[in-house]
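The values are calculated or read from the model by the stated rules, or taken from the named source; none is laboratory data. Note that the structure is a prediction, hence the values are computed from the model and not measured. So basically every Cβ, Gly included, is an ideal-geometry build from the backbone, and we count neighbours across all protein chains shown.
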């Protein structure tokens, strides 16, 4: 599916395009003689979904849940569940139809009421996207909570989160709002009229593509892929009262951040799609409380390039993530960042085993990481994979 044709705003053109790959298990040596294994869990084939842009997450029942941006009965995307001892049995929960939304490119979220919540990039009453709920009994009953109309936002691309009291959903839209540069919005779990918390205006950022992070200091933190002093994007802090402070990227420390932030040891870590020493993207950090983004590591193509996903802190204390291009075959990579700032390529996708991973990894109790590739695999329509470092 060509997502560009479905975008409703010129600001939405920054939404990443994808190619992906992944299939048969591979075992490769790590530098210190450890072994790493990548296994394809699911090959998407259009019927069961296609082109997953978001990652999977582990539900409270131990199953994995996710979305595909295309495929399904109407070729407008799906929500799915993975069950079984190997988490490889796929059940389609919802086929999106356009009326109930199209193109979910954000991860699902399970709130305190145990229902699943998500957003569609397009579709709905105004074809500007929706917020939806999947009822907790079987997760197959879809309720549309909000149809975006431009004024209240448009084209949400980032995952929803809960506010501090767990009663409201908080999210971002990549377009719409007063200045048509995106918004931060809040809506009760039960639906109703949304509250626009922030209208991005260019100076404070534009075109946010990622989720917010509710940090330990009770403030929200996020990124916007454009805007700021040099129009290279910003990291921002948002207080519960709605006051926003933005910190601009310069190019040297990154450009076009498209990921959410991850809190660790007094900092928030994220990635940028461009910028850094080779202009192929960076890992950066900002101090808790806010501040100018600090370069942690640069991608150079060989160790990956153009990350769109957030970093995940592993059980070993290191960070793990994916890049959408780069690696040995320029089809994307999995990397590790040590606490000392050393960036190491762990795995290169080759098309057969997946390509263009755009999603954030999750780590389960067994130590393995799970993620998706948006193309590649047996049918070229993307995969879910398991990676054991």
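The set of residues in segment 269-300 that are surrounded by fewer than 17 Cβ atoms within 10 Å (Cβ to Cβ) and either under 20 Å from the mean Cα position of the chain (by Cα) or part of a strand (DSSP E or B) (or both) comprises 287, 294.
Screening the candidates 242, 227, 266 for the property of being at positive phi, crowded, with 19+ Cβ neighbours inside 10 Å and free of Cβ contacts under 8 Å to residues at least 60 places away in the same chain yields one hit, 227. Of all the criteria given as (1) within 20 Å of residue 228 (Cβ to Cβ); (2) surrounded by 20 or more Cβ atoms within 10 Å (Cβ to Cβ), the one not satisfied by residue 333 is (1).
Only one entry in 237, 186 is in a strand (DSSP E or B), surrounded by fewer than 24 Cβ atoms within 10 Å (Cβ to Cβ) and free of Cβ contacts under 8 Å to residues at least 24 places away in the same chain, namely 186.
Being out of contact with any strand residue (DSSP E or B) (no Cβ under 7 Å at 6 or more places or on another chain) and without any contact (Cβ under 8 Å) to a residue 40 or more places away in the chain is the filter here, so list the residues in segment 161-183 that pass it. Working first, answer last.
Taking segment 161-183 as the starting set, the residues that turn out to be out of contact with any strand residue (DSSP E or B) (no Cβ under 7 Å at 6 or more places or on another chain) are 165-166, 174, 180.
Scanning segment 161-183 gives a single hit, 165.
Hey, among the residues in segment 360-369 that are over 11 Å from residue 334 (Cα atoms) and touching a residue at least 24 places away in the same chain (Cβ under 8 Å), which one's surrounded by the fewest Cβ atoms within 10 Å (Cβ to Cβ)?
Kept after step one, since they are over 11 Å from residue 334 (Cα atoms), are these residues of segment 360-369: 362-368.
From the residues that got through so far, the ones that are touching a residue at least 24 places away in the same chain (Cβ under 8 Å) too are 362-364, 367.
Numbers: 362: 17, 363: 18, 364: 14, 367: 11.
Here the answer is 367.
Please specify each residue of segment 323-345 satisfying the condition of being under 21 Å from the mean Cα position of the chain (by Cα) and either outside any strand (DSSP E or B) or closer than 22 Å to residue 43 by Cα (or both). Passing the criteria: 323, 324, 325, 326, 327, 330, 331, 332, 333, 334. The residues on offer are 17, 46, 39, and the sole one that is under 12 Å from residue 371 (Cα atoms) and either within 15 Å of the chain's Cα centre (by Cα) or at pLDDT 95 or above (or both) is 39. Considering only residues that are assigned to a strand (DSSP E or B), surrounded by 24 or more Cβ atoms within 10 Å (Cβ to Cβ) and either within 12 Å of the chain's Cα centre (by Cα) or in contact (Cβ under 8 Å) with a residue 60 or more places away in the chain (or both), which ones fall in segment 303-322? Within segment 303-322, 321, 322 meet the criteria. Counting only strands (runs of 3 or more DSSP E) that sit wholly inside segment 45-140, those with at least 3 residues that are under 22 Å from residue 363 (Cβ atoms) and touching a residue at least 24 places away in the same chain (Cβ under 8 Å) are 64-68, 78-83.
Screening segment 209-223 for residues that are within 15 Å of residue 242 (Cβ to Cβ) and touching a strand residue (DSSP E or B) at 6+ places or on another chain (Cβ under 7 Å) and picking the one that is surrounded by the fewest Cβ atoms within 10 Å (Cβ to Cβ) gives 214. Scoring residue 259 on the criteria (1) touching a strand residue (DSSP E or B) at 6+ places or on another chain (Cβ under 6 Å); (2) farther than 23 Å from residue 324 by Cα; (3) in a loop (DSSP other than H, G, I, E, B) leaves a single failure, condition (2).
Filter segment 347-370 for residues that are in a strand (DSSP E or B) and within 13 Å of the chain's Cα centre (by Cα) and give the result.
Keep residues of segment 347-370 that are in a strand (DSSP E or B), which gives 347-348, 351-355, 362-363, 369-370.
Across segment 347-370, the qualifying residue is only 362.
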